[in-house]
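The values are calculated or read from the model by the stated rules, or taken from the named source; none is laboratory data. Here the structure is a predicted model, which is why all the values come from computation and not from measurement. For accessibility, only protein heavy atoms count, side chains too; no ligands or nucleic acids. Shrake-Rupley method; radii C 1.70, N 1.55, O 1.52, S 1.80 Å.
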Amino acid sequence: MGKIKPYINAILLIVAIVLVFSLYAFGAVRHKNREIKDVTITFTDYSSPLISEENVNKLLIQNQDSIDYLTIEKLALQESEKRLDKNSMIRKAEVSMSIDGEINAVIEQRVPIARIIGKKSGYLDEDNKWMPLSDEYAVRVPVIFGYESDFQNDVFELVSFIRKDKWLQKVIAAIELNKGNVKLKPRAMKHKINLGKIDKLEHKFINYKAFIAKAEKDKTLESINTVDLRFNNQVVVIK
């Protein structure tokens, strides 16, 4: 009996191992065959809906009119995430699945900071990358005319500076480029701003703000045609 006992223990161990693997395999099969119950789509920012929930859902589950009878096995989460990441309106997507069969997609949209008007119209985004216009939503941002890719980094510096200043963000409506020289068109004002090169931005805009404050006080703003900020220590005005 003493000699048989080690064999019995070994057999019991093998049976236990087989049982564990069987349960694991059974659970995996059940999980794969479980039907997907629902899809929840969340945007990190709802202020500029560049892509709709409907279109996100189509990218998540392709060639499916609904999620009825779609199983976890048939849905490749990684592939769905890649499709979303490739979309020109999406900066980043994270797709996950809950234990009870609910798909969760968190969508971070790209953020346009300027609209480019020209042969190839589109947006410049906050990552300094070109992106196409959205078919679903038009973002209210400064408009750029005469855009050249050679000056993209300088333009990005200018637009980012304007965007960080709440007053300038409300005032500047358009940016006109001509071989690196810049003119700005304020919103709801008749004059243009001759900025010149994209340099010394803080100094130039401090001068511009001081000039506007004085012109409003003197009630002469309506008579001004051009405000020239190209000179270091003075603002030149053309009426």
Exercise. Just how much of residue 60 is accessible, in Å², when a 1.4 Å probe is used and the result is rounded to the nearest 10?
Worked result: 0
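If you take every DSSP beta bridge fully contained in region 130-239, what fraction is antiparallel? Give it as a percent rounded to 5. Kindly include the intermediate steps, with their values, before the conclusion.
Values: 12 of 18 bridges.
Rounded to the nearest five, the antiparallel share is 65 percent.
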Exercise. Residue 182's amide H: which non-local residues (gap 5+, or another chain) put their own amide H closer than 5 Å, with H modeled 1.01 Å from N in plane and none for Pro or chain starts?
Worked result: 195, 196, 197
Exercise. So how much accessible area does residue 48 have, in Å² to the nearest 10, using a 1.4 Å probe?
Worked result: 30
For this session: Name the long-range amide H neighbours of residue 126: under 5 Å, sequence gap of 5 or more, or other chain; modelled H, no Pro or chain starts.
Result: 111, 113
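Percent of Cα-Cα pairs more than 17 Å apart in region 82-186, please. Present the calculation step by step, with values, prior to reporting the outcome.
Working: 3128 of 5460 pairs.
Tail of P(r) above 17 Å: 57 percent of Cα pairs.
With a 1.4 Å probe and every protein chain left in place, work out the accessible area per residue of region 83-231 in Å², rounded to a whole number.
56
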Seminar exercise, completed: The answer for residue 61, listing residues at least 5 apart or on another chain whose modeled amide H is closer than 5 Å to its amide H, is none
Exercise. Cα centroid distance between region 159-195 and region 205-230, in Å?
Worked result: 14
Problem set entry | Phi-based couplings in Hz for region 148-154 (Karplus 6.51, -1.76, 1.60; Gly and Pro marked x) | 10, 4, 4, 9, 4, 4, 5
Seminar exercise, completed: P(r) of region 111-239 over all Cα-Cα pairs, 10 Å bins starting at 0, rounded to whole percent, reads 12, 45, 31, 11, 1
Seminar exercise, completed: Too long for a 26 Å Cα-Cα cut-off, among 82/119; 192/219; 82/129, are 82/119
